[in-house]
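Right, one structure below, let's go through it.
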Amino acid sequence: MQCAAINQRTWEWGRGIAIAALAWSLLMGGESFAQSTSTFNQDFRVWTPVFLTAKLPSSFLAYMEVNPRFADLDDVGHIDQLLLRPALGYQLTDNLSIWQGYAWVGNFNQKHTPPQSPFFEESRIFQQILYTRKFESFKIVSRTRLEERWIEHADGTAVRFRTMLRGIYPLPIAPEWALVGYEEVFVNLNTVGTRGPAAGFDQNRVFVGINRTFSSYVNVDLGYQNQLLNSRSVPNLANQMNHMILLQFFINI
């Protein structure tokens, strides 16, 4: 009963944070959204992340993510970003875990985003709460993450909040296949200098696709992801939309 109460409170807390973050981001920049069409850019990208999660003794968990991202305004011909993201977690209940991690981000060929250099690095540490809930024919995953970011061209520490809600629906006629979708909202909590992130709405990601379970250890997502971005170089709520093929591999050991 106590675990159930904790799970219920955590779910309500996470849902409340997500609603508050979305409302705040719209309040920060909603009036300028209609003005963004004159500077709105679109691009095509391919992301192929691999996520490894391993159970350790005494309810501890280990996580490693390798996330190459390919992009070009003309064709998907070179790597745009590479993320390496290790983390250590602890399983509080069957549904709830907490995490502490680090991320290194390499940004390549950034000729379209002055005043940064063509290559610049970013280091992050992050704290995370992960909640999963299985129903008879449906599964939800809620991930709430706080990031402290050190970006090469920016002076100071940028703090970003992000929250994701993911749903998985196995097909009754072929349970190894599932429909999957999620949305993730990113909000910058502070402004960092003149070249770092500005407080307010940062980006939104929406994914729809299919999932294939190959074994209890491996499953794969394939689908379309839409990424709406706010670049500080143009004073509007959103000025970049990326259309991407997302192929992601989940390995659980």
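The values are calculated or read from the model by the stated rules, or taken from the named source; none is laboratory data. This is a predicted model, so every value here is computed, not measured. Every residue, glycine as well, gets a Cβ built from its backbone with ideal geometry; the counts of neighbours run over all protein chains shown.
Criterion applied to Ser97, Ser59 was being of a type in the set (Gly, Ala, Ser), surrounded by 14 or more Cβ atoms within 10 Å (Cβ to Cβ), more than 19 Å from Asp202 (Cα to Cα) and at pLDDT 80 or above, and the one residue passing it is Ser97.
The rows are residues; the columns are (1) in a strand (DSSP E or B); (2) over 19 Å from the mean Cα position of the chain (by Cα); (3) without any contact (Cβ under 8 Å) to a residue 24 or more places away in the chain.
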| site | (1), (2), (3) |
| --- | --- |
| Arg69 | yes, no, no |
| Leu84 | yes, no, yes |
| Tyr90 | yes, yes, no |
| Trp99 | yes, no, no |
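For Pro175, the conditions (1) of a type outside the set (Val, Ile, Thr); (2) touching a Ser or Thr at 6+ places or on another chain (Cβ under 9 Å); (3) at pLDDT 95 or above are fulfilled apart from (3).
Taking the conditions exactly as written (more than 17 Å from Val141 (Cα to Cα) and in a loop (DSSP other than H, G, I, E, B)), does Pro197 satisfy them or not?
Numbers: more than 17 Å from Val141 (Cα to Cα): yes; in a loop (DSSP other than H, G, I, E, B): yes.
The answer is yes for Pro197.
Of all residues in region 178-194 being part of a loop (DSSP other than H, G, I, E, B) and hydroxyl-bearing (Ser, Thr, Tyr), which is modelled with the lowest pLDDT? Across region 178-194, the extreme among qualifying residues is Thr194.
Within region 72-94, the residues that satisfy the criterion of being closer than 23 Å to Phe44 by Cα and either modelled with pLDDT under 95 or touching a Phe, Trp or Tyr at 6+ places or on another chain (Cβ under 6 Å) (or both) are Asp72, Leu73, Asp74, Asp75, Val76, Gly77, His78, Ile79, Asp80, Gln81, Leu84.
Say whether the condition of being crowded, with 20+ Cβ neighbours inside 10 Å, in contact with a Pro (Cβ under 7 Å, 6 or more places away or on another chain) and in contact (Cβ under 8 Å) with a residue 12 or more places away in the chain is met by at least one residue in region 164-185. Yes, that holds for at least one residue.
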